[in-house]
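Peer 1: Have a look at this one before I ask anything.
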Amino acid sequence: MADADKCALCKGSVPYKYVAMPEWNIKGVLCGKCYSQKIYEHYPGEHVRVSMDKK
Ligand SMILES: [Zn+2]
(Lines give C-alpha, C1' and ligand atoms only; values in the text may rest on other atoms or scores of the structure.)
Protein backbone atom coordinates (compact mmCIF):
# COMPACT_ATOMS: atom_id res chain seq x y z
CA MET A 1 0.00 0.00 0.00
CA ALA A 2 3.08 2.23 -0.06
CA ASP A 3 2.15 3.65 -3.44
CA ALA A 4 -1.49 4.15 -2.61
CA ASP A 5 -1.22 7.88 -3.13
CA LYS A 6 0.60 7.66 -6.43
CA CYS A 7 -0.78 6.92 -9.84
CA ALA A 8 0.06 3.37 -10.95
CA LEU A 9 0.84 4.59 -14.44
CA CYS A 10 2.44 8.02 -14.34
CA LYS A 11 3.56 7.84 -10.69
CA GLY A 12 2.17 11.30 -10.16
CA SER A 13 0.25 12.42 -7.13
CA VAL A 14 -3.41 11.49 -7.09
CA PRO A 15 -5.62 14.24 -5.66
CA TYR A 16 -8.64 12.12 -6.37
CA LYS A 17 -8.14 8.38 -6.63
CA TYR A 18 -9.65 6.45 -9.47
CA VAL A 19 -9.84 2.69 -9.06
CA ALA A 20 -8.70 0.76 -12.09
CA MET A 21 -10.96 -1.81 -13.64
CA PRO A 22 -9.92 -5.41 -12.82
CA GLU A 23 -9.52 -6.24 -16.51
CA TRP A 24 -6.95 -3.48 -16.92
CA ASN A 25 -4.48 -5.48 -14.83
CA ILE A 26 -3.38 -2.39 -12.95
CA LYS A 27 -2.52 -2.54 -9.28
CA GLY A 28 -3.14 0.58 -7.28
CA VAL A 29 -4.97 3.73 -8.15
CA LEU A 30 -4.99 6.05 -11.13
CA CYS A 31 -5.08 9.79 -11.51
CA GLY A 32 -7.94 11.27 -13.48
CA LYS A 33 -5.77 11.76 -16.53
CA CYS A 34 -4.60 8.14 -16.71
CA TYR A 35 -8.03 6.84 -15.85
CA SER A 36 -9.53 8.72 -18.76
CA GLN A 37 -6.73 7.45 -20.98
CA LYS A 38 -7.43 3.86 -19.99
CA ILE A 39 -11.14 4.27 -20.48
CA TYR A 40 -10.44 5.49 -23.97
CA GLU A 41 -7.99 2.67 -24.70
CA HIS A 42 -10.24 -0.11 -23.50
CA TYR A 43 -13.58 1.28 -24.55
CA PRO A 44 -12.80 3.47 -27.59
CA GLY A 45 -16.30 3.51 -28.98
CA GLU A 46 -18.31 3.85 -25.80
CA HIS A 47 -18.41 7.61 -25.52
CA VAL A 48 -18.58 8.31 -29.22
CA ARG A 49 -21.43 5.90 -29.68
CA VAL A 50 -23.55 7.84 -27.24
CA SER A 51 -23.09 11.17 -28.96
CA MET A 52 -23.51 9.60 -32.39
CA ASP A 53 -26.80 8.04 -31.47
CA LYS A 54 -29.15 8.74 -34.35
CA LYS A 55 -32.33 10.52 -33.65
ZN1 LIG B 1 -1.53 9.02 -13.84
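The values are calculated or read from the model by the stated rules, or taken from the named source; none is laboratory data. Worth saying up front: this structure is predicted, and the values here are computed from it rather than measured. Cβ sites come from the backbone with ideal geometry, for glycine too, and all protein chains shown count toward neighbours.
Peer 1: Name the residues in region 19-46 that are in a loop (DSSP other than H, G, I, E, B) and either in contact (Cβ under 8 Å) with a residue 60 or more places away in the chain or near the ligand (Cβ under 9 Å from one of its atoms) (or both), would you?
Peer 2: Within region 19-46, just C31 meets the criteria.
Peer 1: To continue, here is another question. For region 8-17, does any single residue satisfy the condition of being assigned to a helix (DSSP H, G or I), at pLDDT 90 or above and surrounded by fewer than 10 Cβ atoms within 10 Å (Cβ to Cβ)?
Peer 2: No.
Peer 1: Next question, about the same structure. Only one of (1) exposed (fewer than 14 other Cβ atoms within 10 Å of the Cβ); (2) modelled with pLDDT of 90 or more is not met by E46, so which one is it?
Peer 2: All conditions pass for E46, except number (2).
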